[in-house]
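Q: A single structure is presented below for examination.
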Amino acid sequence: MTGSHPPSRSRIPGSGLAKGLAVTLRTMTKRAHTAQYPDVQPELPPRSRGVIGLFEENCTVCMLCARECPDWCIYIDSHKETVPAAVPGGRERSRNVLDRFAIDFSLCMYCGICIEVCPFDALFWSPEFEYAETDIRDLTHERDKLREWMWTVPAPPALDPAAEEPKELAAARKAAEKLAAARAEAEQAPAAPDATGPAAPPAEGGQA
């Protein structure tokens, strides 16, 4: 015994074409919503990936971003400087000084690995995207331009009020409260008597 199939609906020939033409006619009578760029700037998500900004003060020239970049589009040059001892008799130390930090955006695929692996928060995403050039060689931007883009980096999202406080902030807060309590206790403690004060007068009838 074979199962019965529901009868297929009869379609009028050309109904699909007529429906498509009706949609076209309705669209033709509506006003266009095309954004007139560049007169009207697009509304981008606040954390969109445009270009990479460099916060030079945080860079320690660890080279981690350049080593992890899959496109090898980050170029870093540096030299070592000797820093004198902070205290007399201390040891001198050397530090890396950044000479060049450049990113070739003609090779960059905007994966964000360099930003993720930076341990010192020196690289950030900027929503800026208007950096087109007529020559592909001009897409290699040096640290001065990368530093300018830092001003376009949006502020980080606010912490959830119900979230647990980060352990670093909690430790710093406890240390500050402990120091403030120690200072308050020292200010409230009575001053010790001065041992160099005037001597007591000699008793009468005493021997010289």
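The values are calculated or read from the model by the stated rules, or taken from the named source; none is laboratory data. No experiment lies behind these values; they were computed from the predicted model shown. Please note: Cβ atoms are built from the backbone with ideal geometry, for glycine as well, and neighbour counts cover all protein chains shown.
Q: Which of the following residues is within 22 Å of P46 (Cβ to Cβ), among the hydrophobic types (A, V, I, L, M, F, W, C) and touching a Phe, Trp or Tyr at 6+ places or on another chain (Cβ under 8 Å): A122, A102?
A: Only one candidate passes the filter, namely A122.
Q: Just for the stretch 47-77: of the residues that are of a type in the set (D, E) and closer than 21 Å to E148 by Cβ, which one is modelled with the highest pLDDT?
A: D77
Q: Can you find, within the stretch 77-108, the residue that is surrounded by the most Cβ atoms within 10 Å (Cβ to Cβ) among those that are within 20 Å of the chain's Cα centre (by Cα) and either outside any loop (DSSP other than H, G, I, E, B) or not aromatic (F, W, Y) (or both)? So that I can check it myself, show each step before the final result.
A: Going residue by residue through the stretch 77-108, those that are within 20 Å of the chain's Cα centre (by Cα) are 98, 101-103, 105, 108.
Remaining after also requiring either outside any loop (DSSP other than H, G, I, E, B) or not aromatic (F, W, Y) (or both): 98, 101-103, 108.
Numbers: L98: 17, F101: 24, A102: 18, I103: 27, C108: 17.
Filtering the stretch 77-108 for residues that are within 20 Å of the chain's Cα centre (by Cα) and either outside any loop (DSSP other than H, G, I, E, B) or not aromatic (F, W, Y) (or both), the one surrounded by the most Cβ atoms within 10 Å (Cβ to Cβ) comes out as I103.
Q: Is the stretch 78-92 home to any residue that is closer than 23 Å to S48 by Cβ and either modelled with pLDDT of 90 or more or of a type in the set (D, E) (or both)?
A: no
Q: Take the residues in the stretch 122-151 that are of a type in the set (K, R) and either farther than 17 Å from A66 by Cα or not in a helix (DSSP H, G or I) (or both), then tell me which one is farthest from the chain's Cα centre (by Cα). Lay out the reasoning, then the answer.
A: Taking the stretch 122-151 and keeping what is of a type in the set (K, R), we get 137, 143, 145, 147.
Subset that is either farther than 17 Å from A66 by Cα or not in a helix (DSSP H, G or I) (or both): 137, 145, 147.
Numbers: R137: 28, K145: 17, R147: 13 Å.
Looking at residues that are of a type in the set (K, R) and either farther than 17 Å from A66 by Cα or not in a helix (DSSP H, G or I) (or both), I get R137.
Q: Of everything in the stretch 26-73, what is loosely packed, with under 13 Cβ neighbours inside 10 Å, closer than 11 Å to C114 by Cα and of a type in the set (D, E, K, R)? Give them in sequence order.
A: Scanning the stretch 26-73 gives a single hit, R67.
Q: Sticking with this one: If you go through the stretch 36-76 one residue at a time, how many are part of a loop (DSSP other than H, G, I, E, B) and either among the charged types (D, E, K, R) or in contact with a Cys (Cβ under 7 Å, 6 or more places away or on another chain) (or both)?
A: 8
Q: Can you pull out the residues in the stretch 152-174 that are in a helix (DSSP H, G or I), over 19 Å from the mean Cα position of the chain (by Cα) and not hydrophobic (A, V, I, L, M, F, W, C)?
A: K167, R173, K174 - these are the residues of the stretch 152-174 that are in a helix (DSSP H, G or I), over 19 Å from the mean Cα position of the chain (by Cα) and not hydrophobic (A, V, I, L, M, F, W, C).
Q: I've got another one for you. Looking at this structure, is R11 part of a loop (DSSP other than H, G, I, E, B), among the basic types (K, R), modelled with pLDDT under 85 and under 41 Å from the mean Cα position of the chain (by Cα)?
A: No.
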